[in-house]
Amino acid sequence: MIKLNDIVVKFGDFTALHNINVHVKEGEFFTFLGPSGCGKTTTLRTITGFIEPVSGTVVVKDRDITHVPIEDRNIGIVFQSYALFPTMTVYDNIAFGLKIKKMKKPEIDQKVREIARKVDLSDEQLMKAVSQLSGGQQQRVAIARALVTGPAIICMDEPLSNLDAKLRVQLRNELKQMQKEFGITTIYVTHDQEEALTLSDRIAVFNKGYIEQIGTPNEVYNFSKTEFVCNFIGDINRLSTPVVQQMIDAGAALKETDHNYIRLERMHVNMEPQPGQISVTGTVITREYYGLYIKYYIDLGCQTVKVIEKNDGVRIYEEGQQVSVVIDPRDVMAYPPGEKKEAAS
Amino acid sequence: MNRIEERKLQPETFLRIVGVAFFAYLFFGFMLFPCLNTLTSIFNTKNAAGERDPFAVIRFFLAGNMAKYVWNSLKLAILLVITVNVIGISIVLLTEYFDIKGARILRMGYMTTMIYSGVALVTGYMFLYASDGILTTLFKNSFPNMNPTWFSGFNAVLFTMTFACTSNHMLFLRNAIRGIDYNTVEAARNMGARPFKVLWKVVFPTLIPTMFSLTVMTFITGLCAMSAPTLLGYDSINPEIVRLAGSSSADEAFPQARAALLSIILAMFTIILLTVLSSYERKGHYLSVSKTKARLQKQKIDNPVWNVLAHIYAYVLFIIYMTPVVMIIIFSFQTYSAIRLKKLDLTQWTLINYYGQEDYEYLTNRGKYKTRVGSISGVFSNEATLGGIKLSFILSALAAALACVIVVVACNYIFKRRNRKSGVILEYALLFPWLLPTILICYSYRTFFNSETVWYVGNHNLYYAQNVRLLIVMAYTVTKLPFSLRMIKASFYSIDEELEDAAKNLGAGGLRTFLKVKLPIILPSVLAVFALNFNALFTEYDMSATFASSYGTSYAMVIQAMCADEGLYGYNVNASGRRCASTVFIMIVSGIILYLVYGLGARDLGERLEARDRRRKRREKLSAMFQKKPA
């Protein structure tokens, strides 16, 4: 569907994107994830045509669109600020693209109302100014405006970042639902890993203009290819040498010289170790209560680790309590030190 | 710009070339060449022997009394900075910061100078305070020993301009104080600071950038003062330039070159001050870093004595601001005899100052009665006054609109090319008139275009006959460009760049994006600038006085001339009454324009739709009531 082949983007002397290669499948919800300034929005703007690459090609449905003007690319965009025209009503905002295509009034009216119904906007809301709508409703308008012209792809640039936490979660679900309904290929940009993990079919993790890993949410979370990905996605503990040594002594195929990481939920408190697992004693320093689960900070003597335990209401450990932490070496993700970034494909 | 954009703009290349040519024509033809001509005229003077003597004017300046005008202007500017800041800061604090009873009414009073300014305000003050003014007459009756000419010369100019120049404080300092994060005030109070300490240590520092800009602008206003010194009799630079410009070399030594030299001196002061201002502005401003800014709440003055004194001070200022306005309104409905006696006569009410005509019978010095037909007439019945109003209205509206259109087109270009040389050059070209005093531009126009040798205006003498109107429009427009640019550019920068991207993505070209997306967003600001420009130009005196011509006699000039000759040989018997009426008319027009622009025009689409809904509901309610009644 969309192929980015060896895309390089430069701003003056600064190289923003280094040989980016991505292949997005038809109907896929594909997310560009990474910290600020990593190149995810630049990649999106290269696809949409706002930025022209120094080298490489952008191919959509086997058509090279690298040098095709923005308006001829047939790509809908939902902007971070939604970019709704403040001097137009909701109806006029949605109809803007159709009017430019010189469609007839009845046809425009039919298409606007149809898409409005699909994104759950009432006739009354159509006649309102965008400033009269809530954040969630504005997002729907932005989606409707992007979809009404029938684009092949829709690109979304952090569309949830301006909303409060509760609304963000609510709209995240609606967004996924809508994408499934429309079946449209979606490219989504975010720096929020939780958003990326819950929404995406596949994720490309960006760092400093490179793609570190492309994979399903499970792949990037549980099988992070690089140290950056494993650190960026979710919370993690880097294990200290004595703990790693203990695992090596127990027969684990780990290297002391590597950087060894383990996810919080992969360690367990006061459980009987199974064969191959090790148990390390420690003291609970503090705990954070999250309702569904509890996060413990445990001092193992050589380091402090964070451990998450399901909140069953029974096994709750007090601060200062002596506990054992069980670690399975198979859950450890190891990276050789000083590993270099390579463009993933 | 990437290759995609380059290809898109190709059809617009022609428009761009036309635009560049227009701006080059405007800059070189109506800014640079006329002013350079003025500059060079200083060094083209000829001595008594008819030989060219480049330094004759400068020698004259150093030897003669020309320096007096410079010193007088400087004295006025320096003192004005002090008095305007004291009054300006006071009125803003009294209405926005301290809890003063009746602050809303006070604010309205302090804001009257926004609709009542320029020559109208000066003549209004004269109407009250001149030797035969209403209040002076009143005081003289109570205190026979008082000096009836107290309101003349420097004191009168300083007094009048102090109150006339606080409009900018009410606009900009008020906005700055309203932008203060109240949490910072609360934090200071929480740490034990007393209210005045908070004001001094927390509030004032955030206002310093605005106050600095206002100080520089006030200084320049004082330096370039024209209408007040002219009407109240004070020898400063601008009135002298106008006098010299109209003088002939037969009467005095090289008057034109002297006028040019004074203009250049004024320009040098302005350039120095604006350089200081811009270098200060480049240092940056205090910005609120608060993400949850709290609205400023008024501070109670705890000390009862200070509280009473503050209230007294606020209401005394209110009286000073309001008295001329109220008096002018009242006397606009009084007969010429009551006005002449400067006494309010409750039996002498009339509408003749507004509309209608009456004959006037007077006794000649030969002891005969003579009748002057239609000598008493209203603003809307007096041809000359109406002509002046019409001319001023048309010229001001044209110039205000032209300045806005030029600046909007330029801003669109500058905004697109803000990181390129061409954008920066255009911006500086439009700011160029700011470096020059208005009077220098007008004087340069008057001398440069008063010939048939300027090829780029088709070898027409623009200072001849009706052409002078075009010259006035150009002068009005050019002098309003820098202000318009500063204001409109700010609103361009507030446009979310993603809106342009969104329009592009939906297929809109550059022109369509500008007309359908950007222009509607900046329109309220453009209209506000139009209104401010129009209001300033409508009662403008300085420029039309420089262009003094029978074809370019503006409202301010007409009214001034009529009042000077009031009652002479039985003509213009009610000139003062008509002036009051026309001032009231202008206040109404200015007030309506400001309300339309700042009140209705400032509403966004949502507010307009809500207002429409409310109107519709009211209509439905009313019609429902009427439908019910017969049942």
Tally time: how many residues in the stretch B:509-544 are within 14 Å of chain A (Cβ to nearest Cβ) and either assigned to a helix (DSSP H, G or I) or under 16 Å from B:ILE406 (Cβ atoms) (or both)?
-> 18
Just to be sure, is A:ILE51 out of contact with any Gly (no Cβ under 9 Å at 6 or more places or on another chain), within 14 Å of chain B (Cβ to nearest Cβ) and within 24 Å of B:ALA508 (Cβ to Cβ)?
-> yes
Starting from residues that are hydroxyl-bearing (Ser, Thr, Tyr) and not in a loop (DSSP other than H, G, I, E, B), keep the ones in the stretch A:237-291 and report whichever is surrounded by the most Cβ atoms within 10 Å (Cβ to Cβ).
-> A:TYR261
Considering residues of the stretch A:85-106 that are touching a residue at least 12 places away in the same chain (Cβ under 8 Å) and more than 8 Å from chain B (Cβ to nearest Cβ) only, the residue nearest to B:GLU497 (Cα to Cα) | A:ASN93
Determine if the stretch B:577-584 includes at least one residue that is of a type in the set (Val, Ile, Thr), under 24 Å from B:GLN348 (Cα atoms), surrounded by 11 or more Cβ atoms within 10 Å (Cβ to Cβ) and more than 14 Å from every other protein chain (Cβ to nearest Cβ).
-> yes
Subset of the stretch B:33-88 (residues that are within 30 Å of B:VAL457 (Cβ to Cβ), without any contact (Cβ under 8 Å) to a residue 40 or more places away in the chain and of a type in the set (S, T, N, Q)) | B:THR40
Residue check, B:ILE593 within 17 Å of the chain's Cα centre (by Cα) and either at pLDDT below 85 or farther than 30 Å from A:MET127 by Cβ (or both) | yes
Quick one: A:VAL305 ticks every box in (1) of a type in the set (Val, Ile, Thr); (2) without any contact (Cβ under 8 Å) to a residue 40 or more places away in the chain; (3) within 13 Å of A:VAL332 (Cβ to Cβ) except a single one, so which number is it?
-> (2)
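To keep it simple, each residue is scored yes or no on (1) hydrophobic (A, V, I, L, M, F, W, C); (2) within 14 Å of chain A (Cβ to nearest Cβ).
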site	(1), (2)
B:SER550	no, no
B:ALA564	yes, no
B:ASN572	no, no
B:ILE593	yes, no
B:GLY601	no, yes
Residue check: is A:GLU256 over 29 Å from A:GLN213 (Cα atoms) and not polar (S, T, N, Q)?
-> no
Restricting the first residue to the stretch B:604-631 and requiring it to be within 14 Å of chain A (Cβ to nearest Cβ) and farther than 18 Å from B:LEU523 by Cβ, which pairs with a second residue that is assigned to a helix (DSSP H, G or I) and modelled with pLDDT of 85 or more meet a Cβ separation below 8 Å and a spacing of at least six or different chains?
-> B:GLU610/A:GLN132
Failed item, numbered, when A:GLY291 is tested on (1) on the phi > 0 side of the Ramachandran plot; (2) modelled with pLDDT under 90; (3) of a type outside the set (A, V, I, L, M) | (2)
Residues of the stretch A:54-84 being assigned to a loop (DSSP other than H, G, I, E, B) and more than 11 Å from chain B (Cβ to nearest Cβ), in sequence order, are A:LYS61, A:ASP62
Screening B:VAL305, B:VAL325, B:VAL379 for residues that are within 26 Å of B:VAL597 (Cβ to Cβ) and either out of contact with any helix residue (DSSP H, G or I) (no Cβ under 7 Å at 6 or more places or on another chain) or not in a helix (DSSP H, G or I) (or both) leaves only B:VAL379
Given the conditions (1) more than 7 Å from every other protein chain (Cβ to nearest Cβ); (2) in a helix (DSSP H, G or I); (3) in contact with a Leu (Cβ under 9 Å, 6 or more places away or on another chain), and given that A:ASP109 satisfies all but one, which numbered condition is not satisfied?
-> (3)
Of the numbered conditions (1) more than 19 Å from the chain's Cα centre (by Cα); (2) away from chain A (no Cβ under 14 Å), B:ALA556 satisfies every one except a single condition; which is it?
-> (1)
Hey, among B:PHE33, B:PHE14, which residue is under 25 Å from B:ASN450 (Cα atoms), away from chain A (no Cβ under 14 Å) and either surrounded by 14 or more Cβ atoms within 10 Å (Cβ to Cβ) or at pLDDT 75 or above (or both)?
-> B:PHE33
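The values are calculated or read from the model by the stated rules, or taken from the named source; none is laboratory data. A quick note: this is a predicted structure, and the numbers were derived from the prediction, not measured. Note: ideal-geometry Cβ built from the backbone for every residue, glycine included; neighbour counts use all protein chains shown.
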